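Structure first, commentary second.
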Amino acid sequence: AEIGNSAWNIAALTEIPEDLESSDLLKKALEEEIAFNFENIYMLLALIYDPQAIKLVKDNIESGTVEGVVYAIELLDVFLADELKPIFFPLIEDISQSERNERLQGHFPRQALDNVEVLKQIINRDYNNINKWTKACAIYCYANMIETDICDDLIANLFNPDPLIREVSAWAVSKKDFFSYKRSTLRLSENIKKELDARYMPDLEIEEVAKGMSRIEKIFFLKTLPSFENVPGVILVEFVELVEEVRFKKGEIILKKNARGNSPLFIIVKGQAVAYDLPEMEEKYRIEERELIGEMLILDQDRNPYEIVATEECVAFRIDKDRFLEQITDNFEIAKELI
């Protein structure tokens, strides 16, 4: 089943159009799905065979070298069941994704899909087989395709209980057919409708500043940061719920000199800040866009009491430190990338 899911994702990967806006994010999401499939496959193999041998196979495959892959296949050939070899070897051999897809079609046949249908299939695929981040990327890509129209799949996801899927679906429906958005959202609960209308109803005349960034836009931004670019999107979906968008005026203090213990973390989205060495107010260094600000910069209060000040109007992500540490505890991927 896991190899079959991986085969489906590989086929979808070859069908995503190259020239579509944000197709690279969808492709990356599918690659993350395939990596997740592999983790499950290795775990299941380790239950059947010697765990140390499976770890050796995994390490060699993930080395990315031709020699490592050849050695892993030779090792598997010794102990892997004969019925598993023809369906597992194509996944790990050093071949193109198109060739891999062709090899797997014999065991996991799947009808070829055009660039529109593959997006619909991803949007409607069972959550046991694909995660919500990949679905959100597919909805985003679908809305950006000129040749696509409003469809029931988008409208149905307006009522999805997941806030990310619901929000990106609302954006997609309003982009494709604003009257369908107005008509469909009448059936939503009052609170949810109010939240979506504030973002996607232009006639409400709400300033862009007040609307802020949507969840998927926040994740897109986080994916551009070195500290988060390799963190799977499905983890960032949970992480982004900790993120609050805030604004600072020129000269406003972001972190005070007496900040201790529970100070939030900040990520500069737009603008610039400076760390001043107190009490002389000597400029120590500048903090540019896409940099993290944390209390580690100002912990040494006795020798170097710093104060972080916005030097121009700034947009930043504020993250509660306690909840941030909980996320790191639950998701080693974030901790690994930050370290």
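Observations on the structure shown:
- For region 1-69 and region 108-152, distance of Cα centres in Å: 20
- Calculated SAXS-style log₁₀ I(q)/I(0) at q = 0.13 Å⁻¹ - region 127-230, Debye, Cα scatterers: -0.49
- Cα Rg, Dmax (largest Cα-Cα span) when computed across the chain, Å: 23.8, 74
- Computed helical MRE - 222 nm, the chain, DSSP H runs ≥ 4 contributing -39500 (n - 2.57), nearest 500: -15500 deg cm²/dmol
- A Förster radius of 51 Å, combined with the Cβ-Cβ distance separating E313 from V66, puts the computed FRET efficiency at roughly 0.45.
- The Cα atoms of region 51-141 cover 42, 26, 23 Å along the three principal axes, with the biggest extent listed first.
- Computed about the Cα centre, the dipole magnitude for region 1-81 is approximately 320 debye when only Lys and Arg (+1) and Asp and Glu (-1) carry charge, each at its Cβ.
- Accessible carbon and sulfur surface of region 111-203 relative to its total accessible area, %, 1.4 Å: 49
- Among complete DSSP H helices in the chain, those whose alpha-carbon atoms stretch at least 24 Å along the helix's long axis and whose mean Kyte-Doolittle hydropathy reaches 0.0 are 23-48.
- Solvent-accessible surface of the chain, averaged per residue with a 1.4 angstrom probe and all protein chains in place: 52 square angstrom.
- A DSSP coil position with no more than 15 other Cβ atoms inside 10 Å describes the following chymotrypsin sites (Phe, Trp or Tyr not before Pro) in region 46-85: Y49.
- By a 1.4 Å probe calculation restricted to protein chains, I219 has an accessible surface near 0 Å², given to the nearest 10.
- By accessible area with a 1.4 Å probe, ligands and nucleic acids excluded, highest first: order of T148, T65: T65, T148
- If you count Lys pairs in region 1-141 whose Cα atoms are under 17 Å apart, skipping same-chain pairs closer than 8 places in sequence, the total is 8.
- Qualifying GluC sites (Glu not before Pro) in region 136-200, DSSP loop, other Cβ atoms within 10 Å at most 15: E147
- Simple point charges give the picture: +1 on the Cβ of Lys and Arg, -1 on the Cβ of Asp and Glu, and for the chain a dipole about the Cα centre of about 1020 debye.
- Surface calculation, 1.4 Å probe, protein heavy atoms: K194 sits at approximately 150 Å² accessible.
- Largest accessible area first, the listed residues M201, M43 line up as M43, M201 when surface is computed with a 1.4 Å probe on the assembled protein chains.
- When the surface is traced with a 1.4 Å probe over the full set of protein chains, V231 keeps roughly 0 Å² accessible.
The values are calculated or read from the model by the stated rules, or taken from the named source; none is laboratory data. Here the structure is a predicted model, which means the values were calculated and not measured. Backbone-built Cβ (ideal geometry, glycine too); neighbour counts: all protein chains shown. Protein only, heavy atoms only, side chains kept; ligands, DNA and RNA dropped before computing areas. Shrake-Rupley method; radii C 1.70, N 1.55, O 1.52, S 1.80 Å.
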